[in-house]
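The next block holds one structure in the form of C-alpha cells; read it before the comments.
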Amino acid sequence: MTQPSILWFRNDLRLSDNPALTAAVERGAPVLCLYIDDTKHPGDLATGAASRWWLHYSLRHLQEKLKIHKTTLVLRRGDPIKIIRDLVKTHDVSHVFWNRLYEPWTIKRDTDLKSALKDDGVEVETFAGSLLREPWEIETKTGGPYGVFTPFWKTLSAMEPPARPLQAPKSIPTGKSNLETDSLKDWALTPEKPDWAAGFADHWQPGEDGAQARLQSFVENGLDQYRDHRNTPAEEDGTSRLSPHLHFGEITARQVWHAIQHAVDADKVNSGSAWAYLREIGWRDFNHHLLFHNPDIPMENYKENFDAFPWRDDEQAFEAWTIGRTGYPFVDAGMRQLWKSGFMHNRVRMVTASFLVKHLLIDWRRGEAWFRDTLVDADLANNVNGWQWVAGSGADAAPYFRIFNPITQGEKFDPTGAYIRQWVPELADLPDDDLFRPWEASEESLEKAGIELDKTYPKPIIDHSAARQRALAAMQETKSDR
Ligand code: FAD
C-alpha cells in the first residue's frame with residue numbers, strides 16, 4: 001500500500017471535481033503529481049501560441065495550489081509513454097490515474113500507454129471529468145451517434161443530471177520531497193520578443209481560482225440576461241467567457257451545470273436564460289461527440305461533397321483578414337479582438353469565419369489553424385466543428401447559401417458601435433450612420449473623423465454583393481449531399 005501513485009494532469013488543471021486526483025488521494029499512498037509537455041503531439045495540431053501563454057499561467061497557478069498541500073507539480077517534457085514508464089521504474093509506482101480526453105490522437109496515445117503500463121504490471125485507472133456525458137453514452141434510438149444537435153440535446157437534457165461535483169481533497173499524501181522537475185520558465189511558453197500577449201493579462205486570470213471567480217461573476221451579473229445579451233459582443237457580461245477555463249479543465253461542465261441549477265432553484269435567474277446557457281454547454285458536448293465518432297474531421301470535410309469545393313489561394317486577402325484590415329469594420333473588430341485579447345465573441349467568430357470562407361473562398365482549414373494559434377480557448381472539437389458549421393461542410397451546419405452580411409450583422413448586433421469603436425479605434429469618431437460602411441461616408445464625415453480611406457483605414461478588399469454571387473456560384477460545384 002505504500003507504493004506511490006502517479007496522478008497525470010492533462011487538460012484538467014484543477015483540484016476540485018477532479019475524479020482522478022480524488023481516487024489517487026483515496027488510495028492513501030503518496031501521490032506524484034505530474035504534467036507533461038507532450039512533444040509527440042502531432043505537429044499539424046500543435047498547441048497554439050496563445051494557448052501556450054494560457055498554459056504557462058494555469059500551470060503556475062496549479063503549482064501554487066499544490067504547494068499549499070506541500071506537493072510538487074513535476075514537470076517533464078517529451079514522450080509521455082517513455083516519461084511515465086521511467087518514473088514508474090525509478091519511483092516504484094504501482095498505480096497511475098488520469099481523467100480521459102477525447103481528441104483522436106490523445107485516445108491513441110492513452111490506449112498505448114495503458115497497455116504498456118499493464119504489461120509492466122501497473123494498475124491504471126481513468127475517469128470521466130470533462131464533459132457532461134462521455135461521447136459514447138449518448139446514442140440515437142438505433143444505437144448510432146448523433147449528427148444533429150437538437151435531438152442530441154433532447155436526449156442529453158432528459159438524462160439524469162450530471163453527478164454532483166467532488167470537493168478538492170483536504171490533503172494530498174506526499175512522498176519524496178526532492179522530486180526532479182523541469183522549470184516552467186525554461187519551457188518558454190510565453191512570448192518575449194515581441195511580447196504580443198502583453199495585453200492578455202488585462203482580460204484573463206488563468207487557473208482554477210480565476211475560473212471559479214469568472215463563473216460566480218457571470219452567475220451574478222450576466223446569467224439572468226443571457227438569452228437577450230448573448231449576441232451582443234460589446235456587452236461585458238453578455239456571455240460567460242468560461243471557454244478557456246473549460247478547455248484547460250480548470251473548471252468542469254458539471255460544476256457549471258450545478259452552479260446554474262442552484263441559481264435557478266434559488267430563484268436568482270429566469271430559467272429561460274439558464275436553459276439557453278446550458279444548451280451552449282450542450283454544444284460543447286455535441287462537438288466532442290462528433291469528433292469522437294468522426295476522428296478525421298479535423299482535416300476532412302464532414303460532408304464529402306465539399307471535397308469538390310473550389311477554394312482559392314489568396315495570400316494578400318488572407319493576411320488582410322488575419323490583421324483585421326478587410327475594410328469591413330465589424331469583421332476587423334473581431335480579428336483585432338482576437339489578436340489583442342486571445343478571444344473573440346461567438347457572434348463575431350461566425351461572421352469573421354463566414355467572411356473568410358464565403359467572401360474570400362479561402363479553405364476553412366486555414367481559418368481553423370489561425371484561430372487555433374491565436375485563441376486562448378482553442379479547442380480541437382469546438383474549433384473544427386465551429387469552422388465546418390460556418391463553411392456548410394459540417395454536421396448540422398449552416399446552409400451554404402446563408403452568407404452572413406458583414407455590414408448588417410454589425411448594425412444588428414453592435415447597434416451603438418461600441419464594439420467596433422473599442423477594437424478599431426481609428427474609426428471611433430465616425431457617426432453611427434457611417435461606422436458600418438465607412439467607404440460610403442461623405443468626404444466631410446471622413447475628414448471630421450480623421451480618416452483617410454486606404455491610408456488610415458482600408459476600403460473593402462472585396463465588394464459584398466459580388467462576393468456573395470461568387471460564393472453561390474462556387475457552391476454549385478458541390479453537388480450531392482451526405
Ligand atoms: P458562452 O456563451 O458563455 O457559453 C458557455 C460555454 O459553452 C462556452 O464557454 C463553451 O464552452 C460552450 N459553447 C458556447 N458556444 C458554443 C459553440 N457554438 N460550440 C461549442 N461550445 C460552445 N469554442 C471553444 O471553446 N474553442 C474554440 O476553439 C472555438 N472555436 C470556434 C470557432 C468558430 C468558427 C466558431 C463559430 C465557434 C467557435 N467556438 C469555440 C464556440 C464559441 O464561439 C465559444 O465557445 C464561445 O464564444 C466562448 O465564449 P463564452 O465562454 O463566453 O461562451
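Annotations for the structure displayed:
- Subset of segment 228-274 (residues that are hydrophobic (A, V, I, L, M, F, W, C) and modelled with pLDDT under 95): Ala263, Val264, Ala266, Val269
So that you can scan it fast, the table gives a plain yes or no per residue for (1) open to solvent by 10 Å² or more (accessible area, probe 1.4 Å); (2) in contact with a helix residue (DSSP H, G or I) (Cβ under 7 Å, 6 or more places away or on another chain):
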| residue | (1), (2) |
| --- | --- |
| Ala381 | no, yes |
| Asn385 | yes, yes |
| Trp389 | yes, no |
| Gly417 | no, yes |
| Glu426 | yes, no |
| Asp432 | yes, no |
| Lys448 | yes, no |
| Ile462 | yes, yes |
| Ala466 | yes, no |
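- Filtering segment 331-360 to residues that are more than 11 Å from the ligand (Cβ to nearest atom) and of a type in the set (A, V, I, L, M) leaves Val331, Ala333, Met335, Leu360.
- Asn231 satisfies every condition listed in (1) buried (at least 20 other Cβ atoms within 10 Å of the Cβ); (2) within 11 Å of the ligand (Cβ to nearest atom); (3) more than 16 Å from the chain's Cα centre (by Cα) except (1).
- The set of residues in segment 1-23 being under 28 Å from the mean Cα position of the chain (by Cα) and small (Gly, Ala, Ser) consists of Ser16, Ala20, Ala23.
- Complete set of residues in segment 235-249 that are open to solvent by less than 50 Å² (accessible area, probe 1.4 Å) and more than 9 Å from the ligand (Cβ to nearest atom): Asp237, Phe248, Gly249
- Unique match (being more than 11 Å from the ligand (Cβ to nearest atom) and loosely packed, with under 14 Cβ neighbours inside 10 Å) among Pro206, Pro194, Pro165: Pro194
- Residues that are of a type outside the set (A, V, I, L, M), within 16 Å of the ligand (Cβ to nearest atom) and touching a residue at least 60 places away in the same chain (Cβ under 8 Å), drawn from segment 387-441: Gln388, Gly392, Ser393, Gly394, Asp396, Tyr400, Pro406, Gln409, Phe413, Asp414, Tyr419, Trp423
- Conditions (1) within 22 Å of Thr408 (Cα to Cα); (2) in a helix (DSSP H, G or I); (3) of a type outside the set (D, E, K, R); (4) within 9 Å of the ligand (Cβ to nearest atom): number failed by Asn383: (1)
Residues checked against (1) within 23 Å of Pro244 (Cα to Cα); (2) part of a loop (DSSP other than H, G, I, E, B); (3) modelled with pLDDT of 95 or more:
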position: Lys170; (1), (2), (3): no, yes, yes
position: Asn178; (1), (2), (3): no, yes, no
position: Asp182; (1), (2), (3): no, yes, yes
position: Thr190; (1), (2), (3): yes, yes, yes
position: Asp195; (1), (2), (3): yes, yes, no
position: Pro206; (1), (2), (3): yes, yes, yes
position: Ala211; (1), (2), (3): yes, no, yes
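The values are calculated or read from the model by the stated rules, or taken from the named source; none is laboratory data. All values derive from a computational prediction rather than experimental measurement. Cβ atoms come from the backbone with ideal geometry, glycine included; neighbour counts cover every protein chain shown. Side chains are part of the model used for accessible areas, which takes the heavy atoms of the whole protein and leaves out ligands, DNA and RNA. Shrake-Rupley method; radii C 1.70, N 1.55, O 1.52, S 1.80 Å.
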